[in-house]
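To keep things clear, I will list the structure first and then write my remarks on it.
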Amino acid sequence: MTVVDIGLSNTGSVLNAFQYLGAKTEVTGDPKSVLSAEVIVLPGVGSYRQAMERLRESELGDAITASAQDKGNKILGICLGMQLLGRSGTEDGITAGLDIIPADVAVFTSPEVRRRKIPHVGFNSVRPAVGSVLFEGLPQNPDFYFVHSYRMMPEGLTNTTSLCNYGTDFVAAYEHENIFATQFHPEKSQVNGLQLLKNFLEA
């Protein structure tokens with residue numbers, strides 16, 4: 001399993017979680033290694049625009065797209081990593097994403113969150129989609145750890161899409177064939193998070 005390092009993520013906690021589950025892991029910023037990996041994890045925190053610029057300049061973006069879409073290799077995007085798999089993000093202007101998930105990313109607005117704080121930080125319950133692989137064996141409406149100001153919009157998504165509500169519904173997790181993504185941090189979500197990562201590895 002290969003964790004993609006674009007310099008905008010704490011890969012340590014992700015590595016620790018997968019190693020705890022017994023997965024053989026490596027961290028790389030080399031497009032060739034990503035292209036040859038059978039399982040990819042794309043974590044990330046910070047600026048959508050900055051992250052996409054790094055993915056384009058390093059050719060990691062092309063490698064991720066080719067691996068996931070052309071070769072059909074399994075990928076998990078986490079937090080910003082999930083957002084980067086989308087069509088576009090609005091942080092610091094509109095920026096095109098990797099366009100692996102057919103959805104856009106936009107900031108929470110104060111009217112939407114109804115006096116809740118932005119960013120959305122802390123544990124919140126998720127409504128798993130029917131037929132979800134990621135949430136197998138988990139309790140009904142399990143909680144996971146979130147920290148984000150931007151979120152993926154659910155409008156138009158027809159594949160397995162699990163939701164969370166923070167004043168408004170947003171995409172908490174996405175699954176379609178070999179493509180998996182979570183807005184929350186499973187590696188920081190204790191028992192529920194470890195079970196979800198285990199499900200991803202076994203999918």
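The values are calculated or read from the model by the stated rules, or taken from the named source; none is laboratory data. None of these values were measured; they are calculated from a predicted model. Glycine gets a Cβ as well: all are built from the backbone with ideal geometry, and neighbour counts include every protein chain shown.
The table that follows gives values for the structure above.
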item: Conditions (1) more than 28 Å from Ala96 (Cβ to Cβ); (2) assigned to a loop (DSSP other than H, G, I, E, B); number of the one not met by Leu201; result: (2)
item: Some residue of the range 159-169 being in contact (Cβ under 8 Å) with a residue 12 or more places away in the chain, part of a loop (DSSP other than H, G, I, E, B), in contact with a strand residue (DSSP E or B) (Cβ under 6 Å, 6 or more places away or on another chain) and not polar (S, T, N, Q); result: yes
item: Every pair of residues 6+ apart whose Cβ atoms lie under 7 Å, when the first sits in the range 80-97 and is at positive phi while the second is buried (at least 24 other Cβ atoms within 10 Å of the Cβ) and in a loop (DSSP other than H, G, I, E, B); result: none
item: Residue within the range 55-75 that is crowded, with 17+ Cβ neighbours inside 10 Å, over 26 Å from Leu157 (Cβ atoms) and not acidic (Asp, Glu) present; result: yes
item: Residue in the range 188-197 that is more than 14 Å from the chain's Cα centre (by Cα) and over 22 Å from Ala17 (Cβ atoms) present; result: no
item: Condition met for Val39 (surrounded by 17 or more Cβ atoms within 10 Å (Cβ to Cβ), at pLDDT 95 or above, over 23 Å from Gly89 (Cβ atoms) and not polar (S, T, N, Q)); result: yes
item: Filter pass, Gly86 being in contact with a Gly (Cβ under 6 Å, 6 or more places away or on another chain), among the small types (Gly, Ala, Ser), within 25 Å of Asn141 (Cβ to Cβ) and outside any helix (DSSP H, G or I); result: yes
item: Condition broken by Gly156, with the remaining ones in (1) surrounded by 18 or more Cβ atoms within 10 Å (Cβ to Cβ); (2) at pLDDT below 95 satisfied; result: (1)
item: The range 26-53 residues that are farther than 21 Å from Ile179 by Cβ and touching a residue at least 24 places away in the same chain (Cβ under 8 Å), paired with ones that are of a type in the set (A, V, I, L, M) and assigned to a loop (DSSP other than H, G, I, E, B) (beta carbon under 7 Å, 6 or more apart); result: Gly29/Ile6; Gly46/Leu8; Gln50/Leu8
item: Subset of the range 1-26 [surrounded by fewer than 16 Cβ atoms within 10 Å (Cβ to Cβ) and in contact with a strand residue (DSSP E or B) (Cβ under 7 Å, 6 or more places away or on another chain)]; result: Glu26
item: Hits in the range 1-48 (condition: part of a helix (DSSP H, G or I) and either under 16 Å from Met82 (Cα atoms) or touching a Gly at 6+ places or on another chain (Cβ under 8 Å) (or both)); result: Thr11, Val14, Ala17, Tyr48
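Residues checked against (1) on the phi > 0 side of the Ramachandran plot; (2) in a strand (DSSP E or B):
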{"site": "Asp99", "(1), (2)": "yes, no"}
{"site": "Ala106", "(1), (2)": "no, yes"}
{"site": "Lys117", "(1), (2)": "no, no"}
{"site": "Phe123", "(1), (2)": "no, yes"}
{"site": "Val126", "(1), (2)": "no, yes"}
{"site": "Val130", "(1), (2)": "no, no"}
{"site": "Leu134", "(1), (2)": "no, no"}
{"site": "Gln140", "(1), (2)": "no, no"}
{"site": "Val147", "(1), (2)": "no, yes"}
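One line per residue, one yes/no per condition, for (1) of a type in the set (Asp, Glu); (2) more than 21 Å from Glu177 (Cβ to Cβ); (3) surrounded by fewer than 16 Cβ atoms within 10 Å (Cβ to Cβ):
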residue	(1), (2), (3)
Lys117	no, yes, yes
Val121	no, yes, yes
Val130	no, no, yes
Glu136	yes, no, yes
